[in-house]
Every structure is written in structure tokens, then in C-alpha cells.
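These notes concern the structure reproduced below.
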Amino acid sequence: MLGRVRSLYLILNLKTLVVVAIAIVSTLVCRRYGLSADFPIAVVMTAVVFPIVFSINAAYQRRESALAEYANMKAHGQVIFLAARDWLEERDDALLDDLRQRLLALFGATRDLLTSSHSDMREREKKVYDGFSELSLFIRNDLRGNGLASGEVSRCNQYLSKTLISFETIKHIYQYRTPITLRTFADFFLIVLPLLYGPYFAFLGQDYPWSLAYIPPTIFALVLVTLDNIQAHLENPFDQIGEDDIQMDVEGFVSRLHA
């Protein structure tokens, strides 16, 4: 129940109240001065609904791509751990503990990067690359030094390469958003249309009692702003604000790597 209330709060906020107030005031003024017109509602679909729905779909696809690439990172990290556990002639628990700590540092640095602001991205990005470097040194020095065959060392390096590729894909999803100009276009009309459509809602409310005449502009504004808020929360799947964000349980992942 609390989760539902929180979800409702995320999509109904101050912006919602502002746009609803604009729609109601515009309708009130038009009714007061007898301004009414039957405007085409298709303009709303073209100017606001279509861009917002397009942006929601694009943001959702970005989130799904990020989930797939994060799964690839975890899978290849786990395969490197299994190689260190099962491919050597003798199992070395100290070696496995060292690998766990390196994986924890790498995935922890990745999480810190993705959940932070862009202002300190370069510093946090360096820590991720340091984590990849430590993992590369582990493969070269520890696995090969403990007798792992050269072909299997090469295969581990391929797993590391695929992990790095997945990280770069996730990083670009973190860096770049859905088209900014399209979102700006939608935001502009999100404010302008409730204001300009006052005569239309005054026209619709001619046959309604005074208390019911403001329900259509209220619903109109609520639908538009709610869609826009949904898009805004899907835009960054790593900011840990919306309930659809990607949760990176790094400690849980590493703890499940058993010797």
C-alpha cells in the first residue's frame, strides 16, 4: 500500500498542481468573459501526447538495454570466478577471496558512477577502469601464475573484454538521454495548451453546472502531466528515484560467489 502511495506521489507533484491551476484559471476567465470555441483536440495528440509517449517508449527501451548489459557484466564476472575456482589443478581459497574483492571493487565503482551526477563522472569513471585493470592483472598474474593453460587465460581475457564492452554500453546510456529537443517541445506545449484551450473547455462546460465545468480541464491537465512525469522518472534508470530504476545489489552478487 505504501509503495502505491509513493508511486502516486512521484507522478502527482508540484508541476501537476501548476498545470491543473493554469487549465482551471484559463477556463474560469473564458467563462467569465464569454469566450468559447470548439477547438480540434487532435492538436493535443500531435503536440503533446505523441512526443511524450514516444519519449516514454525510448526511455523504457534504454532501461531494458541497460538491464541486459548489466546482466552480461554479472554473468561474465561470475564466469571468471568459476574459472578461478574450477579450472586450476588445486583450489586456492585465498585466491578466490582476492578475486571476490576485485569484483566487489569493480562493480561497486560501476554502481557509484551510475548513481552519481555527471559533474564528478571522470573521477568515478577512473575508479571503474582501475577495477578492470586489477581484474586484468589477476588473470595475467594469478591465474596464469597458478598454472592455468594459455588458451584458458585467453578465454578469461575474452570474458573480461565482454564485461568492459557491456560497461561502456551502460555508461553511454547513463551519459545520453532521449532527444532533448523533443522533450523541450513537449514541455513547452504542456504549459501552453492548457492555457490556450480555455475557450474549448468553456465551450464544453456550457451545459454543465458551475461545479462540474472544471472537471474536463482538470482531467486534461492531469493526464498530460502524469505522462510527462512517468517519462521523466524513466529517463534516468540509475538515479534511484523512481520505482522502475535499476537496483544494483553488488554486495549480494559477490556474496553468492561460493568457493
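Here are a few things to note about the model shown:
- Sparsely packed loop sites in segment 56-103 (the GluC sites (Glu not before Pro) outside DSSP H, G, I, E and B with at most 16 other Cβ atoms within 10 Å) comprise Glu89, Glu90.
- Scattering profile of segment 54-107 at q = 0.12, 0.14, 0.24 Å⁻¹ [log10 I(q)/I(0), Debye over alpha-carbon scatterers]: -0.42, -0.51, -0.90
- Value of D in µm² per second that Stokes-Einstein yields for the chain, Kirkwood Rh from Cα pairs, at 10 °C (1.306 mPa s): 73
- Sequence-ordered 3J(HN,Hα) estimates for segment 37-46 from the Karplus curve with 6.51, -1.76 and 1.60 and θ = phi - 60° stand at 7, 8, 6, x, 6, 4, 4, 5, 4, 6 Hz, glycine and proline given as x.
- Among the chymotrypsin sites (Phe, Trp or Tyr not before Pro) in segment 163-210, those placed in a DSSP loop whose Cβ has at most 16 other Cβ atoms within 10 Å are Tyr176, Trp210.
- Since only Ala66, Phe54, Gln101 are under comparison, the one whose Cα sits farthest along the positive direction of the charge dipole of segment 46-109, derived from C-beta charges on Lys, Arg, Asp and Glu, is Phe54.
- Size of segment 195-245: Rg and Dmax of its alpha carbons, in Å, are 16.2, 49.
- Among the trypsin sites (Lys or Arg not before Pro) in segment 74-173, those located in a DSSP loop and surrounded by at most 16 other Cβ atoms within 10 Å of their own Cβ are Arg91.
- Fluctuation leader among Pro194, Pro209, Pro51 - the chain, Gaussian network, Cα springs under 10 angstrom: Pro209
- Counting only residues at least eight positions apart within a chain, or on another chain, the lysines with an alpha carbon under 28 Å from that of Lys127 are Lys74, Lys162, Lys171.
- From phi via Karplus (6.51, -1.76, 1.60), per-residue ³J(HN,Hα) for segment 239-253 in Hz, x at Gly/Pro: 6, 6, 9, x, 6, 9, 5, 7, 9, 9, 8, 5, 4, x, 4
- Descending by average beta-carbon neighbour count within 10 Å, the peptides 214-226, 35-47 line up as 214-226, 35-47, the highest first.
- Sequentially through segment 227-233, phi angles give Karplus couplings (6.51, -1.76, 1.60; θ = phi - 60°) of 4, 5, 5, 4, 4, 4, 6 Hz, Gly and Pro residues having no value and appearing as x.
We did not get these values from a lab; they are worked out from the coordinates using the rules stated. Nothing here was measured: the structure is a model prediction, and the numbers come from that model. FYI the Cβ positions are ideal-geometry reconstructions off the backbone, even for glycines, and counts take in every protein chain you see.
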